[in-house]
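Working notes, structure below.
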Amino acid sequence: MRLSSSNILAQVNDKREFVRLTARWKDLDQQAHPILEQFVSQRLLVKTERDSEIFVEVAHEAILPLLGPLKQWLNASVDILRWRRDIDRDQNSALDHKRRWSG
């Protein structure tokens, strides 16, 4: 499970493919919860509970490029999403090696 360190549910890999992320329900904006619940009821998102915490993720990565406005937003945000991914990876690497991270 790839856990998002923020409130994003999708990322772009080095091949410019969209990949899903898992986010903690409590980390997502509460005002978005009703809309997200509609996506869950339509099986576009999946909510699961593990260790007394609720998580949410896109049901399948194949959905991401099919959603018109979402696809446009993701395409327009490729560079930002990659930058966020790289920052997260660098931070995690520093923590894993007990180094101080300085972006």
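The values are calculated or read from the model by the stated rules, or taken from the named source; none is laboratory data. The shown structure was predicted, so the numbers you read here are calculated from the model rather than taken from an experiment. Note: ideal-geometry Cβ built from the backbone for every residue, glycine included; neighbour counts use all protein chains shown.
For region 28-37, taking the residues that are surrounded by 11 or more Cβ atoms within 10 Å (Cβ to Cβ) and at pLDDT 90 or above, the one that is nearest to the chain's Cα centre (by Cα) is identified as L36. Residue count for region 48-63 under the criterion of being part of a loop (DSSP other than H, G, I, E, B), farther than 20 Å from F18 by Cβ and within 15 Å of the chain's Cα centre (by Cα): the result is 0.
Scanning region 84-95 for residues that are loosely packed, with under 12 Cβ neighbours inside 10 Å and either among the basic types (K, R) or over 21 Å from the mean Cα position of the chain (by Cα) (or both) yields a single hit, R89. The set of residues in region 81-97 that are under 24 Å from K26 (Cβ atoms) and at pLDDT 75 or above comprises R84, R85, I87, D88, R89, Q91, N92, L95. Taking the criterion of being among the hydrophobic types (A, V, I, L, M, F, W, C) and either more than 17 Å from R84 (Cβ to Cβ) or part of a helix (DSSP H, G or I) (or both), the residues of region 6-47 that qualify are W25, A32, I35, L36, F39, V40, L44, L45, V46.
Taking every residue in region 1-29 that is closer than 14 Å to E57 by Cβ and pairing it with any residue that is of a type in the set (F, W, Y) and at pLDDT below 85, at least 6 positions away or on another chain, the pairs with Cβ-Cβ distances below 6 Å are A10/F18.
One residue stands out in region 56-68 among those that are surrounded by 11 or more Cβ atoms within 10 Å (Cβ to Cβ) and modelled with pLDDT under 80: the one that is farthest from E37 (Cα to Cα), namely P65. K71 meets the conditions (1) touching a strand residue (DSSP E or B) at 6+ places or on another chain (Cβ under 6 Å); (2) at pLDDT below 90 in every case but one. The failed one is (1).
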